[in-house]
Amino acid sequence: MGTKLSAEDAGAYEALDRLLFRQWDPIGVSDMDGWAEDEYRAYLPRFWSMVTSGASPSQIADYLGEIERELITMETSSEHRHDIAVKAAALLAA
């Protein structure tokens, strides 16, 4: 990421990382043995930036959809992506 986060932000960053791996998981690998939990970590810095800068759930969901279509080439539903965006915002609001 390049910048040192406060302890609180580091915890939130890790929570978003877990959210991407365990719940967004467009490849479906989170429940398979042998997959590293950093599978989606490359997308985390921008995801973090969007969530912390107040991007709307639809903007965040669009970003996830872009990743799915252009990089992963496996898509979840738009409802699922929106749900993940809402959960991300709620994690940081807690």
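The values are calculated or read from the model by the stated rules, or taken from the named source; none is laboratory data. All of these numbers come straight from a predicted model, not from anything done at the bench. Neighbour counts run over all protein chains shown; Cβ positions are idealised from the backbone, glycine included.
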Which ones in the stretch 38-74 are under 12 Å from the mean Cα position of the chain (by Cα) and among the basic types (Lys, Arg)? Arg41, Arg46
Return the total of residues in the stretch 4-22 being among the acidic types (Asp, Glu) and either assigned to a loop (DSSP other than H, G, I, E, B) or at pLDDT 90 or above (or both). 2
Scan Asp31, Asp62, Asp38 and give me the residue that is acidic (Asp, Glu) and modelled with pLDDT of 95 or more. Asp62
Going through the stretch 17-38 in order, the residues found to be more than 21 Å from Arg69 (Cα to Cα) and in contact (Cβ under 8 Å) with a residue 40 or more places away in the chain are none
Can you pull out the residues in the stretch 42-63 that are assigned to a helix (DSSP H, G or I), of a type in the set (A, V, I, L, M, F, W, C) and within 12 Å of Ala88 (Cα to Cα)? Leu44, Phe47, Trp48, Met50, Val51, Ile60, Ala61
Within the stretch 64-94, of all residues that are of a type in the set (Asp, Glu) and part of a helix (DSSP H, G or I), the one surrounded by the most Cβ atoms within 10 Å (Cβ to Cβ) is Glu68
For the stretch 23-41, give me each residue that is surrounded by 12 or more Cβ atoms within 10 Å (Cβ to Cβ) and either not in a loop (DSSP other than H, G, I, E, B) or not β-branched (Val, Ile, Thr) (or both). Gln23, Trp24, Asp25, Pro26, Ser30, Trp35, Glu37, Glu39, Tyr40, Arg41
